[in-house]
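Here is the structure we will look at, set down as structure tokens.
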Amino acid sequence: MAQRLRRLQTSVAIAAMIVAGPLGNVLLGKGMRHLHPALWPPPALLATAQAVFVSPFIWLGIASLIAFFVAYMLALSWADYSYVQPASSLAYGVVALLSALLLGEQVTPLRWAGIAVICLGVFVVGRTGHKTTERTPLA
């Protein structure tokens, strides 16, 4: 029963990673597209910084990336890295989907084919055990 619960927790954490990471990056991209960042002269840098700090897309992106990071840490505490990292690669499909829907980008059939290959690899990795090593106490 405990192993089943741990597997469910790991799956939920990975699902959160798969959605929150790409969503955060796409929101940051959307927020930055509305700005015209300039780094020189210094007053232009200040204006860019002010525009960044008042953008709701930037703040939502940061919040989403924090959620991703928390889910990532939890998943790594419950499962092997060799399981978590490949499983989180499903995010590539979410990135393409969100980029097309929220940013209006064109995703070519060749990119979709590449994403399908990645997802096939995730399916293969997902059929293995999520925890193959026992926890060892720190010295």
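Tabulated data for the structure shown
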| quantity | calculated |
| --- | --- |
| Given (1) 13, 48, 32, 7, 0; (2) 12, 44, 35, 8, 0; (3) 12, 31, 29, 18, 9, 2, 0, the label whose value is P(r) over Cα pairs in 10 Å bins from 0, in percent derived from this model | (3) |
| In nm, spacing of pseudo-spin labels at residue 62 and residue 77 (7 Å Cα→C-beta vector) | 2.4 |
| Helical segments meeting 20 Å axial Cα length and Kyte-Doolittle 1.0 threshold in the chain (DSSP H) | 56-78, 109-126 |
| For the stretch 2-126: relative contact order, % (alpha-carbon pairs under 8 angstrom, 6 or more apart) | 35 |
| Ellipticity estimate at 222 nm from DSSP helix runs (n ≥ 4, -39,500 (n - 2.57)) divided over the chain, nearest 500 | -25000 deg cm²/dmol |
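We did not get these values from a lab; they are worked out from the coordinates using the rules stated. Not measured: the values here are computed from a predicted model. Cβ sites come from the backbone with ideal geometry, for glycine too, and all protein chains shown count toward neighbours.
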